[in-house]
Each structure stands twice: as structure tokens, then as C-alpha cells.
């Protein structure tokens, strides 16, 4: 808060000088149109509100960019440096006479206490002014709640005495009753000018600036003059508009309103104020000459150029040699504490900063001066803070962090953290804090900035006991002291893209043991492998030296290249290469593996392909084995275990739930598990596998260990279907957005229904409202979203910047998920669960009640799925966070089954057949026909009422029929009843899903194959309807050559009435006719 207050003080001081300049410039503009004087105040407003600026040598602003330094709170002799001598001398003399000197034994500077108190008063003043403005604004809003609309945004009321503009988004003009037509005309033109120029936004912005700088009388006076210029310029705009001389009538109107006015209504409204000056200006108004306007424009532009930027401060000259020497003297960038780099000083732990301070000559002299009987050197906390402020700018840290990070290295002479003297322990009469040695300092950029010299440099460092040479790019400022620029303040420190790493490769084969030494040099995105004497070998995006080949990454893929010729030894490029390292550190010279896309391939040590990942779909090859002991290599294909030999030949087909060997006790026997029982497969000397022998069982400890492993892996759901059923309901899997790993949505809109649904039972009276903080906490708890953009969800949730409010639309019922597969792995130290689930509905199309859910859970537990139909298969990938809550890292649609539910829904809606057009629009005649087919009591003779028709169309289309005489229906003569015009209907259409997409607004878009089967197709054979249905649901249309097949795109919602689901259609578009083949939806 103190730092913010200091920044505001600096901005206010600079803006004051700019405001004084504007006031002076207004004097020669007295005869010019007031719009130019008004425009000048934009420069002052910019200075008051914008903390950033530019610098030019043309600026007339005499004040430095930071008159009050941020480190004044730590200074032993606080002072300001505005660049104006008499100002500095006066203020610094007052500070010296009124502020007590700093006590080295305390950690709080008196200036810090004073500025803290002033900043509290400053905030209180802002609060009072803002509260006043808001109260007056809402009082005024309340006063004009009862108004009479005149036209457009103009309202009349007897509750006010003067005209004004009120509002920020859609401003309205309010006028009192009783004004003459002429007065209304003039005043409206004036107020409309305010609106046209966006003054209703400029005035509140200016008032906010006054609130922030309320302590500055110059700013208050400037505000008064700016508002006066605003009104005068509006008056002149009205006079210019009418052309004829209306000065007397217009002045009378102003005078009339000023008599009625009862004081300032609100600082955020436009009222007729300053009437005396305005009348005088109106009566003296003359159309300005062209040369006056041109001169005024020139003056405004020149003033903006001279006053908007700050003046460039000219620091003392300094040579490159002096800069390099200053960097060497304070080379903290290369110490271990900072070697990782930082983009902001706040990222540096305070303990690391103290280590740096302890390495300074000042502290080292104290340590070296310790006698054999002295164990601690006393270091005032203020000295350390001054060092930090000097070298690392605006660094803030909490006292408890200081104590925690320095525990064991220092002790303190007081329990009051803010008054401590640091007692630094000496070691053998002194202490050394080793770091890197800087050399090869290259100055990349030297610029003068705010009286300081800003430097960007590249520094090469080396460490005595570390085999890495590092380049650092350091941005710093050289600070001016009484001896010149001899101290460095760090802004940014980044480890350069260029690194050198020494690599030692060890391996052995029949001919001996080999050791190869390399240097791996990284520069940006390029890696170069060099010999140990620095000769370049090969380059790429990455290079991995292996026993007989190099793995070189080009365009994101690894190629295996011969070590001598560097030619490719394989036509396959890999995403990942893995070579087994034995316990003694040697790499395997037999085999390695590479991943190409999703699948792994076995590779010989010299790079030859043993299994091709492009046509052999091994999800893993477990090469943590060596041939001397293990005769086979376990592989996983389609989730099942199998085995290959060391040449890639299949030994055991991948069809087992698990596979392993006890090679030391029961050699040549592979134990397999088929999901219910164990068996053994014998291998002969040629690795020919026998049939499984279920009489061969593994040792008991082996089985028990396998069971414990499974239990541990499945602890999230106890490996029980019922547990996952409950888990999916608790964490509302149906509202989790779809996203690939590492690509969680950034928009909050994707998570809003999820955030609401997982807390559904705990919402109180504010149900339907979620705070921004709550939503963000839910997202951070359950997803790895890198950034969160808070925004509304169309037709779902509104957002006002702080709270989300639901658009009434309802919430889904509890989801039904059935576990179909589970994989467990370890990634980055976390146990990651990948579960495949079928999202289901009841097969009869009904909505499941709470009682149904209990029954379904029991049925699922017993393996009975007869009451369910699968809608889609989804895969969720997650791990459990420290709080035990799931953190989802991926959610993808793996496949959709035959979609029997959709098929049945359309079979239940035979009238769907008549819908569809090229544009997708649903016409009146289609709706009328649809309604007739849906009616329970349709009568051609007597007809039906329009209300009966519209009740059905409202339900299924959301609108009424506009024209009942549409070709499909007509009005029965002499009545108001409606009937069909006479047509026949064939209901033999079968609908199969091609594609389904969720639109995110409660609707779905589906592409459907529509198979129109005529009555002549059927032969009367028993069971042919069931056979046809089975064929269609499996995508087989070979027996429907005589039928018309088309594709329709349907936008629809799934609705529920009395426990039954139905479709509400938004559009039905005819996409394609004469379809000859179909592909069922699968993703």
C-alpha cells in the first residue's frame, strides 16, 4: 500500500506541473472556441490516471519521473529528488527537521510509519468521496423513478428543477415540467451535445481522478476549470448549430433554470452549473475567425507534444569499462541463489537474498574481524533491507518468511521480528558463500533512463565443481552514488538459451567395455553434439548419443543415424526413444524401444526395426529386462498382455489380463491370468509356447502381490462398478467439458454447469448464483487450466464481473455411467487413472427416478445392464489431488455405440418424417401436418381448434402456426376449426445416427440417416422387422437397395414431460439424397 501511495504522489506531482502548464496555455486561448481549452485537459487526465509515460527531449515537464523514490522508506536520510532545486531543498529541509533519524537497531524506518499513516488517510479520503458520489447518484436515480417519456431518451418529471443527463451505458436526458418549447429545444440541444461527445463518461472518469488525488488542491482547481470548459464548449456548440443570433433567448433559458436549481445534484450528472460565467460567454460569443481556430489547433497539438511526455533525464557519462567493473563488483546474478533466473525480483526467496548480502565485502569484513572467542557478527535488519532495496528494487517480504528461510543459519537478539538484529554465525573466523565466476561480459544495450543507466548484458559464468558453463542475460540499472555509478540494481535475470553439458556414455559388448565423452551444447531450439575436445559431430533439435547410433530430433521426430556416416539406419521416425540402463550405469547393447504416435516398436541397438509401430499396435513394450535372465519381453496390445522375443517375434499372443514370470525359481514358465483364473504356459528352448495349462499356478506370494497391486491401483473406486457409479454422480461426470490432455479450456463458461452441479445439494437461498471466486476455486481444484478467462455462457449463465447468475433452464438429472475399463499409470510422481465409461439412459426412454437409480446401481453391481442403453463411450483421465479430490487432465469421446436410444426416440416420433427443407426452416404446413399426426383425437369432419394445434407446435417447435391455410391444412368454411386438406402418410422411416454434437446452449446438432422403407419392401416373413432393425443398427444397408436413404441435419433439444422424453426441434435441414452407404457415428 505504501508503494502505491508513493506512486500516486509522484503521478500527482507531475500532473500538477502539467495542469499549471495547461492553465497558462488557456490564457492566450481566451478568444478561441472553448472546445480547444476543454481538449487540453485530456493531457492532465492522462497524467493523473496512467502510471506509464514516454520520454522526449522536447518535454517541458521539469519534474523527474520518480521525485519520491520507492526506497525512501528504507533510507537513513530520506529525501526527494524532483529535479527542481528549490522544491527539493525546501521539502528535504522539512523532512530533516520533522522526521526523526532512523535507528539501526530497529527494522522500521520512521518514514515508513509516516507514509503508512498517510496512505491510510489517503484511502479513507477516496472511500468518502466515492461513497458520497454513489449515494448522491442513487438518490438522484430514486428521485427520477417516476418520469414521463417524451421521445427517445428524453424524459419529463416534476421532481426536478433543472435539466441534466444521467447514465453511463444508455444516458437519458431529464427535464423539469413547465419549460417553454423554446427552452426545451435549447436545453435538449445542449444535453445532446454532451451525449454526442461522450461527456457522460469523461466526467465520471475525471471525478475518479480527483478522488484518487483528492489531497492535491491543484487537481481540484483543474477539475473545476475543466468542467467549466466542458459546459462553455457545449454552449458554443448550440449557438453554432442555430446559426441565427439566439444569444439573448439562450441566456434567458440558462437563467431560468439556474433560478429553479436547488444545488449540485450529483458529481456524476450534468446539471446547469456555473450559469453566470456561461451567460457572459454566450452574450460575448462571436463566430471565430478561421485563423483563430487554426492557431488554437496548433497550440493544443504543441501543448500535448510538450506536456504529455516526461523530460529525458541526463545521467552522468560512464564508460563501458566502468559499467563492466560495476557488474563484476556486484555479480549476484551468477551466484547459485539466483542462477535459476528470475523475471521479477519478487520471485527470489528472501533467504537467497540474505546469502547474497552475506557475500558482500561489508559483511565479509565483519566476519573476518571476528576473534576466536566471538561467534556472531551483528547485522542490523535495516542494513539488510537497505541492501535488498538497493540491489533488487521494490522487493517485499513477510517477517515470518525471513525467519523460516533463515532458520538454522542465523539467530536473532529479539523476539520482535521487526526489531531484530541479525546474528550471523561465523565459521573459522569467517564465512564464504561460493558462487560462479563471471567472465566474458558483453554489453548488449546501454540506455539512459530516469536518471539511471539501464543495461542489458550477456555474462558467461563457470562453476568450479559443476560441468556446466552458463550464459546469463541480465537486465539491470546502475545506481548513482556520491562516487558515481558503481552499484547494480537487478531487474531481470534469465539463464540464456545457450548451455553446455558434459555427457559420459558407458556400455559394453563382446569386444569390451567402452566409455565415450561428449559435450552437448544447447542454443535456443538447436542442440549440437561435440567431442570432448570441442569438435562438432551432429546437430538437431535434440541429440541423444546411444551405444551404436545417434538419435537426432528433426521436425519434432527422432531419426536413428549411424555414428560414422550419420546416415539414417531406419525409415521410421520416432516421437520418443528409450534405452534401458543397467544398475551399473551401462546402457543396453541389445535392444531399445521407440514410440511412433500411440504405439511402441522394438529396436535393435544398432537401430534396426524389430517390430514396426506403424502396423504392430503395442501400447507398451516392457524392456526392463535383459536376455541373460528373461527369455521374453512382455508387451501390451489393446489392453491385453502378450510376449515377444528379442528379435520381435510373437511368442505369446496378446490376449491375457496379465502376464509375468518368476524367472529365478520357475524358469521357462510364463504365468497368465485370463481375468478369472491363473494358468501357465511352458516355453521350450526355441521359445515355442505350449497351450495354457490351468493346473500350473504361480507361487502364492506372486498371486498375493498381484492382488495387492490391483487393489492399490483401483483404490479410487475400489475396483467396483457401483463405486464408480457413485463417483461419477458425486463429481458430475456429465458436466465435465471435453478436452485433450494439456488443453483444458480457458473459458470459465466451459465449467459453469459443472461448478454448479457438484454443489447442487448445498446451495442455500442464493441458488442460481455463483461467485467468481467460487467458480475459480472449483476450476483450480478439479482441472489443470493454465489460465482462466471469466465470461458469461450464452443462454446459460450471465456474468457481471463478480457473480454468475443462472439463466433459468434447469439442470440435468443424475447421470448413469457404467465402468467398462480401467488403466492405472504413474506420471510425474502421480498415480493417474484412465477410466472408460459408458454414458447410459434407461432403455425404455424414461427418466430415472431416485428409486430407479438405487435399482440400477444394484443391477450394475451384479453385472446386469438389461435396463440400460449406451449413448456414448467416454474416457476420463484424472489423478487425486492432495485433498483427495479428482483433478481431471483429459476427457475425450472414445466412441458412440449404435445409438439405440436415438433410434427408438425417432421410432416413437413417426411424424418426424415430414420435416425438412433445404434451408432448415420448419414451415407452417410441416408443423400443421406434424400436429395432426401427434393429435390423440383428430377429426376431419368436425376439425380441431387452433389451440389444439398450437399446443403441439409450442411443445415440439416452440412457436405457433401463423397461417393455417397453408396447403396441408385449411379452415372449415363457416367455422374456426382446422382440418387437413387431404393427404396420405407413410410412416416407414427408420432413423440412424451419423453424427452428434453438443452446441453448448442446451441443444444438440445431429446428422441422421433417414431410411424410407415403403410397404412393398416387406414380404411378411416372420421376424423380418427385427432383422431389418438389427442390420440398420449395425450399419448394414445391403438389403435396403429398394429404399430411399437421405441425410438430415437436425438441431434439437431433449425435453421431458411426465417422465417421458421427446425432441423439441429448432431446424431440420435436408443435406443429401440417394445415399448409397452409411458410416455409424464413432469418435
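The values are calculated or read from the model by the stated rules, or taken from the named source; none is laboratory data. Everything quoted here is computed from the prediction, not taken from an experiment. Cβ atoms come from the backbone with ideal geometry, glycine included; neighbour counts cover every protein chain shown.
Total residues in the range 777-792 satisfying the condition of being out of contact with any strand residue (DSSP E or B) (no Cβ under 7 Å at 6 or more places or on another chain) and more than 23 Å from residue 886 (Cβ to Cβ): the figure is 0.
Restricting the range 719-741 to residues that are in contact with a strand residue (DSSP E or B) (Cβ under 8 Å, 6 or more places away or on another chain) and assigned to a loop (DSSP other than H, G, I, E, B), the residue that is modelled with the lowest pLDDT is 719.
I'm trying to understand the selection: among the residues of the range 507-528, which are over 36 Å from the mean Cα position of the chain (by Cα) and under 26 Å from residue 600 (Cα atoms)?
To start, the set of residues in the range 507-528 that are over 36 Å from the mean Cα position of the chain (by Cα) comprises 507-519.
Residues satisfying the conditions are 507, 508, 509.
Considering (1) surrounded by 16 or more Cβ atoms within 10 Å (Cβ to Cβ); (2) at pLDDT below 80; (3) in contact with a helix residue (DSSP H, G or I) (Cβ under 7 Å, 6 or more places away or on another chain), the lone condition that residue 861 does not fulfil carries the number (1).
Let me confirm something: among 201, 225, which residue is over 37 Å from the mean Cα position of the chain (by Cα), closer than 30 Å to residue 120 by Cα, in a helix (DSSP H, G or I) and in the same structural domain as residue 122 (by TED's automatic domain parsing)? Working first, answer last.
Details: 201 fails: over 37 Å from the mean Cα position of the chain (by Cα).
That would be 225, the only listed residue that is over 37 Å from the mean Cα position of the chain (by Cα), closer than 30 Å to residue 120 by Cα, in a helix (DSSP H, G or I) and in the same structural domain as residue 122 (by TED's automatic domain parsing).
Looking at the range 520-543, is at least one residue in a strand (DSSP E or B), touching a residue at least 60 places away in the same chain (Cβ under 8 Å), in contact with a strand residue (DSSP E or B) (Cβ under 7 Å, 6 or more places away or on another chain) and farther than 30 Å from residue 597 by Cβ?
Step one: list which residues in the range 520-543 are in a strand (DSSP E or B), which gives 520-523, 526-531, 536-540, 542-543.
Filter again for touching a residue at least 60 places away in the same chain (Cβ under 8 Å), leaving none.
Looking through the range 520-543, none of the residues is in a strand (DSSP E or B), touching a residue at least 60 places away in the same chain (Cβ under 8 Å), in contact with a strand residue (DSSP E or B) (Cβ under 7 Å, 6 or more places away or on another chain) and farther than 30 Å from residue 597 by Cβ.
Apart from one condition, residue 586 fits all of (1) modelled with pLDDT of 90 or more; (2) closer than 18 Å to residue 551 by Cα; the exception is (1).
If you go through the range 622-673, how many residues are within 28 Å of residue 510 (Cβ to Cβ) and within 46 Å of the chain's Cα centre (by Cα)? Working first, answer last.
So the first thing to find is which residues in the range 622-673 are within 28 Å of residue 510 (Cβ to Cβ), and the list is 622-635, 643-651, 661, 663-664, 667-668.
Keeping just the survivors that are within 46 Å of the chain's Cα centre (by Cα) gives 622-625, 633-635, 643-644, 648.
Counting residues in the range 622-673 that are within 28 Å of residue 510 (Cβ to Cβ) and within 46 Å of the chain's Cα centre (by Cα) gives 10.
Would you tally the residues in the range 8-25 being in contact (Cβ under 8 Å) with a residue 24 or more places away in the chain and more than 14 Å from residue 223 (Cα to Cα)? So the answer is 9. Is one or more of the residues making up the range 878-898 more than 30 Å from residue 779 (Cβ to Cβ) and outside any helix (DSSP H, G or I)? Yes: the range 878-898 contains one or more residues that are more than 30 Å from residue 779 (Cβ to Cβ) and outside any helix (DSSP H, G or I).
Name the residues in the range 753-795 that are within 24 Å of residue 728 (Cβ to Cβ), part of a loop (DSSP other than H, G, I, E, B) and modelled with pLDDT of 80 or more, would you? Of everything in the range 753-795, those that are within 24 Å of residue 728 (Cβ to Cβ), part of a loop (DSSP other than H, G, I, E, B) and modelled with pLDDT of 80 or more turn out to be 758, 759, 784, 785. For the range 832-844, the condition holds for no residue, the condition being that it is touching a helix residue (DSSP H, G or I) at 6+ places or on another chain (Cβ under 6 Å), over 15 Å from residue 733 (Cβ atoms), at pLDDT below 85 and part of a strand (DSSP E or B).
Kindly evaluate residue 821 against the criterion of being touching a strand residue (DSSP E or B) at 6+ places or on another chain (Cβ under 9 Å), surrounded by fewer than 18 Cβ atoms within 10 Å (Cβ to Cβ), under 30 Å from residue 863 (Cβ atoms) and modelled with pLDDT under 80.
Values: touching a strand residue (DSSP E or B) at 6+ places or on another chain (Cβ under 9 Å): yes; surrounded by fewer than 18 Cβ atoms within 10 Å (Cβ to Cβ): yes; under 30 Å from residue 863 (Cβ atoms): yes; modelled with pLDDT under 80: yes.
Criteria met by residue 821.
Go through the range 924-971 residue by residue and tally those that are surrounded by 14 or more Cβ atoms within 10 Å (Cβ to Cβ), under 24 Å from residue 988 (Cβ atoms) and more than 52 Å from the chain's Cα centre (by Cα). Qualifying residue count, the range 924-971: 3. Within the range 964-1006, the set of residues being within 30 Å of residue 748 (Cβ to Cβ) and outside any loop (DSSP other than H, G, I, E, B) comprises 995, 996, 997, 998, 1004, 1005, 1006.
Where residues in the range 1032-1083 are in a strand (DSSP E or B) and at pLDDT below 85, which of them is surrounded by the fewest Cβ atoms within 10 Å (Cβ to Cβ)? Can you show your working first?
As a first pass, look at the range 1032-1083 and keep what is in a strand (DSSP E or B): 1044-1057, 1060-1072.
Filter once more, so that each one left must be at pLDDT below 85: 1056-1057, 1060-1061.
Details: 1056: 12, 1057: 8, 1060: 12, 1061: 16.
So, considering only residues that are in a strand (DSSP E or B) and at pLDDT below 85, the one surrounded by the fewest Cβ atoms within 10 Å (Cβ to Cβ) is 1057.
Considering the range 674-702, the residues that are surrounded by 14 or more Cβ atoms within 10 Å (Cβ to Cβ) and not in a loop (DSSP other than H, G, I, E, B) include one that is nearest to the chain's Cα centre (by Cα), namely 702.
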